[in-house]
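These notes are about the structure you will find just below.
Please treat every number below as a calculation from the coordinates, not as lab data. All of these numbers come straight from a predicted model, not from anything done at the bench. Quick reminder, even Gly has a Cβ in these numbers, built from the backbone with ideal geometry, and neighbours come from all protein chains shown.
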Amino acid sequence: MTIAVFVGSLLLAMAMGIPIAFSLLASGVALMWHLDLFDAQILTQNVIGGADSFPLLAVPFFMLAGEIMNVGGLSKRIVDFALALVGHVKGGLGYVTIMAGCLLSALSGSAVADAAALTALLLPMMVRAGHDKPRAAGLIAATGVIGPVIPPSIGLVIFGVAANVSISKLFLAAIVPGLLIGGALWITWAWLVRREKIVPPPRKSSTEIAAAFRNALWALMLPAIILVGLRMGVFTPTEAAVVAAVYALFVSTVVYREITWKDLYAIFVSAAKTSAIVMFLIAAAMVSAWLITVADLPSKIVGMLQPFMGNQMLLMIAIMVLVMVVGTAMDMTPTILILTPVLMPVVKAAGIDPVYFGVLFIINNSIGLVTPPVGTVLNVVAGVGKISMDDVTRGVVPFMLAEFAILFVMVAFPQLVIVPARWFGG
């Protein structure tokens, strides 16, 4: 009955068109009434306490860094460098998209920001080159999914806080899985374009490649600084977010000089608005998280999943399928905040590595961003690329299936995540 009250009130509020943050608060209040615990003071304390977290400071700073990178020319120079490297091969613009997506993922940590930048820069070029527009848009949308996986990742930060798991370990464990997703997209694109009759542009000379590399060098240094700093223990993930924002601001204003001091106000306002939405979501979800613990919902979920508890692989498959279904109807952040406190006790009871689970959980939620009908990244690509949602959905299907295939390969072979994570983590 407790689960029915929580889920029913949440779905009812969402069906009425209430924003997800307020829907979470409504479901929390409904659960408080059901448990005869309603107290406005407890509600307020949990909302305030939900956002009062030092690790969560990484969220607004990474979002600020992403805004600066897109406006300040860092994203464009990374695309130009990838274009110089592989733009001349058949289907080269698709490979450029995947390379640039992986590099941008190591800068911003946001699927929406990466997808918007790649759509604006590359979709017109791919259409002019003769590529099918829905397929090109689908590739860009699927590439945006890598953003929340390769560190720095806002999704991993939120999960780390909600699950009380080391964010640094999550960052380092997600590097190889993110690259594997990029590899899956690469193979899928190669298979789809093999019969296209498109004349690629001429190969760039070594001089032009070197010039593109020099132009992109300042942008390429940022992920190296962040990963080396985390690996060596120089700074925490929150401090890494500050480093990223300050570094991006310095490069954009002093080196590339594409941002003037007059532009900063609009950039800071845009980052603040986006951050406020995410932080309010987190604060509202903490009410539900507290009530989930009080109502002992995790033990009820453990009882429901008891048939799978003796087999870690079957349990992971069951959980991943559950997250896939939820991802079709809910955005990434609320899914993380709602399911993490429910699933983590199950994962720990089954003896599954929390870092391994966290990486796969975030990958699954990231793919949910391109899963119709609610896929946020699909909407972004459709809006920026001036293409219908149906066309983007049709184009993304083969790439989405490839990403799910990689996810379940990692479920079957946990060593693909665990071994590199131990190596990077020392």
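Odds and ends about this structure:
- Per residue, the convex hull volume that the Cα atoms of region 128-225 enclose (Å³): 139
- When restricted to Cα atoms, region 214-254 yields an Rg and a Dmax of 10.5, 29 Å, respectively.
- With Cα atoms, 0 to 90° folded angle of helix 389-412 axis to the chain main axis: 70
- For region 78-132: rounded, prolate or oblate by the Cα gyration tensor [a/c cutoff 1.5]: oblate
- Pairwise Cα inverse-distance average, inverted: Kirkwood Rh of region 168-256 (Å): 16.3
- Dividing the radius of gyration of the alpha carbons in the chain by their Kirkwood radius gives 0.97 for Rg/Rh.
- Considering only Met126, Gly383, Val411, and ranking their Cα positions along the charge dipole of the chain that arises from unit charges at the beta-carbon of Lys, Arg, Asp and Glu, the one farthest toward the positive end is Met126.
- The distance from the alpha carbon centre of region 353-420 to that of region 20-80 is 22 Å, rounded to a whole number.
- Residue of Ile367, Ile352, Ile336 that the Gaussian network model of the chain assigns the largest fluctuation, springs spanning Cα pairs under 10 Å: Ile352
- Values of log10 I(q)/I(0) for region 207-331 across q = 0.13, 0.16, 0.20 Å⁻¹ run -0.91, -1.04, -1.18, by the Debye formula with one identical scatterer at each alpha carbon and no solvent.
- Peptides ranked, highest mean first, by Cβ atoms within 10 Å: ranges 191-202, 388-399: 388-399, 191-202
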